[in-house]
Structures are given as structure tokens and as C-alpha cells.
Amino acid sequence: MERNLNPHDRLIVALDVPSAAAALDLCDRLPATFYKIGLELYLAAGAGLIATLKQRQKRVFLDLKLHDIPNTVAAACRVIRDYDVDFVTVHGAGGAAMLTAAQEAIAAPRLLVVTVLTSITPAQLSEQLHIATPLGTYGQHLAEMAQNCGLAGAICSPQEAAALRRALGPDFLLVTPGIRPAGTDLGDQRRTLTPAEAIAQGADYLVIGRPITAAPDPLVAWEEMIAAMEG
Ligand code: C5P
């Protein structure tokens, strides 16, 4: 558990927008300190946007979910190392050799393992992906493997955070997307909890996208999320 953080520091806003201009417009409207750049925005805006956010004293989570052979992922991590980002993601399904190669290459940014995407249901895991292990057990296995490879933490559903916290100890970072206030649109997310529940389950950081970025007033929505985390 990352200690001494207030809700403000624990909330990562997912900038799932198609341009640097749209991303910076959101940043201008929000008092958030931590932003996530995913595939869409990175492909559209590139590393220049990372530098801009860093100049503005923001923390940056580069969520590219790397998944390839160890040599290729390590080479990508050596490029990312120079970006000065705070969090980077790799898929646990790439295996231990890939995770170890990534960790050795990344140096300072904290490397987080993607366990099971929060859009995947237990039925999809077994029927479409042919993974017979129960979802919670499988996700925990990937997180434990990543911990053994030296990674700093895991991306998991808030529904799995309490079990992972028990299994992985107090210092392994748990970052949870799949956050939905009661009664809001799930979109493609499936294994969700509310902000307050995610905190209660032991999440260190909450990644929240559409409930803030697609809200009529993102600032009001951000304030509501902070209030919910405090509650
Ligand atoms: O809009 P929403 O709050 O669903 O956004 C969640 C964000 O977290 C998205 O950017 C998505 O790519 C990311 N994410 C996720 N599930 C994971 C890993 C990352 O939803 N397992």
C-alpha cells in the first residue's frame, strides 16, 4: 500500500482522447496531478505530450501494455526509460522471461503487470481464451509471477484487489481501472466497483476515464470522484 497519499494523488485520469489538444484541454480544466496516456493518445500525440505534462509537473502513466518477445519488449523499455514517466505497463501473459527483460531494461519508471483486463468476464476467459483456471486465481498467478520478476505492481480489477493485497503484501502497488460510481454507464467494463469500494479493497491508485472525461462537466465529475474516495 502506497502510504501518505491523499485521494487527489491516488486518482489517475485516463486521457483516452484522440489528440494532444484534447488531452491538454482536459488537463487545463482539472486539478489532477496524475494522468494516463494510453495507446490512442500515444499514437496520436507521441512523446512530445509526455514532455509537456512533465513540464507541468504532472505524473504520467504510459499505458502501452507491452506484449511481445523478451528482446522486443526490452528494447521498447529502453526507449521508454528516457521518457521520464512514472508508471509503465506490460502484459503478464507475455511470461516470466519477458517480464524480467522488461524490468531489467526499464530502470526508474515503475513497471506494472496487466493481469486480466477489466473488460473480460470469467466466461470469456474460459470459453474464448481457453484458460480453465478461475479468473481470480489466474490473475493472482500473473501478479505473483510479476512480483517474482521484480516488477513494482499490478493492474487489476478492484474486485480482485483485496485478495491480491493479501497474497502480495503491503508494498506491491495495486492500480485499479474498472471504477464506476453506482448507477453510471459500465461501457465495456465488466469487473467494476465504486471509488470508495476500490479504496476499501486496498487499491493504491484508481484509474478513471470516461466517468470523468465523458461527463458534461469533467471538473464536477472529478470532484465527485474525490469526494467518493474520501467517503
Ligand atoms: O473509461 P474507463 O474508466 O473505463 O477507462 C479505464 C482505463 O483503464 C482505460 O484507459 C483502459 O485502457 C485502462 N485499463 C483497463 N483495464 C485494464 C487495464 C487498463 O480498463 N486491465
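From the list ALA154, ALA107, ALA93, pick out the single residue that is within 15 Å of the chain's Cα centre (by Cα), small (Gly, Ala, Ser) and closer than 20 Å to ALA74 by Cα. Result: ALA154 is the single residue among ALA154, ALA107, ALA93 that is within 15 Å of the chain's Cα centre (by Cα), small (Gly, Ala, Ser) and closer than 20 Å to ALA74 by Cα. Kindly indicate whether any position in segment 123-137 is touching a strand residue (DSSP E or B) at 6+ places or on another chain (Cβ under 7 Å), within 16 Å of the ligand (Cβ to nearest atom) and closer than 30 Å to PRO7 by Cβ. Looking for residues that are touching a strand residue (DSSP E or B) at 6+ places or on another chain (Cβ under 7 Å), within 16 Å of the ligand (Cβ to nearest atom) and closer than 30 Å to PRO7 by Cβ, one finds none in segment 123-137, hence no. The helices (runs of 4 or more DSSP H) falling completely within segment 140-231 that include 3 or more residues that are more than 9 Å from the ligand (Cβ to nearest atom), out of contact with any strand residue (DSSP E or B) (no Cβ under 6 Å at 6 or more places or on another chain) and free of Cβ contacts under 8 Å to residues at least 60 places away in the same chain map to 158-168, 195-200, 218-230. Taking each residue of segment 65-88 that is in a strand (DSSP E or B) and looking for partners that are basic (Lys, Arg) and within 16 Å of the ligand (Cβ to nearest atom) with beta-carbon atoms closer than 7 Å, six or more apart or interchain, yields PHE87/ARG110. Of all residues in segment 12-69 being of a type in the set (Asp, Glu) and either touching a helix residue (DSSP H, G or I) at 6+ places or on another chain (Cβ under 9 Å) or more than 13 Å from the ligand (Cβ to nearest atom) (or both), which is nearest to THR89 (Cα to Cα)? Checking each candidate, the answer is ASP63. Exactly one residue out of THR133, THR115, THR137 is of a type outside the set (A, V, I, L, M, F, W, C), closer than 24 Å to LEU206 by Cα and surrounded by fewer than 19 Cβ atoms within 10 Å (Cβ to Cβ): that is THR137. Screening LEU62, LEU99 for residues that are under 17 Å from ILE155 (Cβ atoms) and part of a strand (DSSP E or B) leaves exactly one candidate, LEU62.
Among the residues of segment 1-33, just one is over 17 Å from ILE199 (Cα atoms) and part of a strand (DSSP E or B), namely ALA14.
No lab work stands behind these numbers, since they all come straight from the coordinates. Given the structure is predicted, the values throughout are model-derived calculations rather than measurements. Virtual Cβ from ideal backbone geometry, glycine too; neighbours counted across all protein chains shown.
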